[in-house]
1. Please count how many residues of region 184-235 are farther than 23 Å from residue 258 by Cα, in contact with a helix residue (DSSP H, G or I) (Cβ under 6 Å, 6 or more places away or on another chain) and among the aliphatic types (A, V, I, L, M).
2. Any residue in region 94-119 that's touching a residue at least 60 places away in the same chain (Cβ under 8 Å) and among the charged types (D, E, K, R): show its pairings with residues that are part of a helix (DSSP H, G or I) and open to solvent by less than 40 Å² (accessible area, probe 1.4 Å) at Cβ separation under 8 Å, as long as the two are six or more apart or on different chains.
3. Here is a check on your reading of the model: is residue 287 among the polar types (S, T, N, Q) and in contact (Cβ under 8 Å) with a residue 60 or more places away in the chain?
4. Scan region 164-171 and give yes if some residue there is assigned to a helix (DSSP H, G or I), open to solvent by 10 Å² or more (accessible area, probe 1.4 Å) and of a type in the set (D, E, K, R), otherwise no.
5. (1) in contact with a helix residue (DSSP H, G or I) (Cβ under 6 Å, 6 or more places away or on another chain); (2) surrounded by fewer than 18 Cβ atoms within 10 Å (Cβ to Cβ); (3) outside any loop (DSSP other than H, G, I, E, B); (4) modelled with pLDDT under 95: which one isn't true of residue 144, the others all being true?
6. Just for region 149-163: of the residues that are open to solvent by 10 Å² or more (accessible area, probe 1.4 Å) and part of a helix (DSSP H, G or I), which one is modelled with the lowest pLDDT?
7. Pick out the one residue from 247, 208, 229 that is more than 18 Å from residue 313 (Cα to Cα) and within 23 Å of the chain's Cα centre (by Cα).
8. With in contact with an Asp or Glu (Cβ under 7 Å, 6 or more places away or on another chain) and open to solvent by less than 20 Å² (accessible area, probe 1.4 Å) as the only criterion, which of 186, 200 stands out?
Amino acid sequence: MTSSQQPTSDRIMRLITGYWATGIVGAASSHSVFTHLEGGATNAEQVAERAAISQRGAQALLDGLVSLGLVEQHGGGYRNSAEASAFLVEGSPDCLTGFAKLKAGHMASLTNLPEVVKVGGPLSDAVVEVADNPHWEELVQALAAQSVPVARTAADTLKIAEAGEISILDIGGGSGIYSGTWLDRNPAARATQLDWAPINAIARRLLGERGVGDRVTYVDGDFHTTELGAPATYDIVVYSNIAHQEGPDDNMALFSRVRSVLKPGGTLVVSDYVVDDDRSGPPYPLTFANEMLLKSRHGSTWRRADYHGWLSKTGYDDITFQTTLSPTTLIFAR
């Protein structure tokens, strides 16, 4: 707004050109700019030298990152913002630079969004339903970083470290980040991951490198049709970053099947982007609904009321929601 409270076009222009934010953060991540700033580089010349990029390019990236609030001017030079230091410096398990690079490569797919909105779904095969899609190798590892703080929060809430000999089922476990985080905290726990074979192969490698692979069993298959296990087998079942790609009927069917494999007193943990009941927020889950329109046949970002209704109808009577240090909400159902 101007001093006369007349609207200006500045914010609209920034939104129309919002793809530059994705491109700038992706390029800065590709050249480790945040890592170099954290390591002591303070100007374009130093960033350019450490990243082996042009000084002109380094300055353009720094200008763009300042505009996005990820880099600050300080003492005549530049430094990372607190957010960038926490989530964009390489070497941290919470580092989101892999996700930034992944999303920069997805920008071309948005050109189809007008037609996708018109017809109500993907123009070709739904990306999330293709087991041998080569994008899983990059995607599941990029997603792992954003799941780290969520897995830690769930571990604290469930008191995983003190739980003793528990059995965990990770449905659609991807990189195995939940199993890995929880098994790190509890050396007596064991986990089973159910996912497509190409994804389980990735998790087997990553969890082996982490040193917990000998306590994980892998079941290759589609969780819609593959048996989850014998009755009353698991203390905890986790269903993470999947409900948004499924429709209401498929989610309820899964929740019902999970009840049969949970031990008495066991917990289903659902981790996903959840929107308010009036769909007024939060911003990231609302935006993500468009990604599900683009990439899935029935998915969306669902309301708290949707989850509560589905879980109640499938036999759960103790349902709680917990926010996390990310756009993800945790749902605990018993």
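1. Selection size over region 184-235: 3.
2. Qualifying pairs under 8 Å: 101/26; 101/29; 101/142; 103/26.
3. Numbers: among the polar types (S, T, N, Q): yes; in contact (Cβ under 8 Å) with a residue 60 or more places away in the chain: no.
Answer is no for this residue.
4. The first filter runs over region 164-171 and keeps only residues assigned to a helix (DSSP H, G or I), leaving none.
No, because not a single residue in region 164-171 is assigned to a helix (DSSP H, G or I), open to solvent by 10 Å² or more (accessible area, probe 1.4 Å) and of a type in the set (D, E, K, R).
5. All conditions pass for residue 144, except number (2).
6. First, pick out the residues of region 149-163 that are open to solvent by 10 Å² or more (accessible area, probe 1.4 Å): 149, 152-153, 156-159, 161-163.
Cutting the leftovers down to part of a helix (DSSP H, G or I) gives us 149, 152-153, 156-158, 161-162.
Details: 149: 94, 152: 97, 153: 97, 156: 98, 157: 98, 158: 98, 161: 98, 162: 97.
Here the answer is 149.
7. On the way: 247 fails: more than 18 Å from residue 313 (Cα to Cα); 229 fails: within 23 Å of the chain's Cα centre (by Cα).
Testing whether each residue is more than 18 Å from residue 313 (Cα to Cα) and within 23 Å of the chain's Cα centre (by Cα) leaves just 208.
8. Numbers: 186 fails: in contact with an Asp or Glu (Cβ under 7 Å, 6 or more places away or on another chain).
200 is the lone residue from the list that is in contact with an Asp or Glu (Cβ under 7 Å, 6 or more places away or on another chain) and open to solvent by less than 20 Å² (accessible area, probe 1.4 Å).
The values are calculated or read from the model by the stated rules, or taken from the named source; none is laboratory data. Because the structure is a prediction, the values reported are computed rather than measured. For neighbour counting, all protein chains shown are included, and Cβ atoms are generated from backbone atoms with ideal geometry for every residue, glycine included. Accessible surface areas use protein heavy atoms only, side chains included; no ligands, DNA or RNA. Shrake-Rupley method; radii C 1.70, N 1.55, O 1.52, S 1.80 Å.
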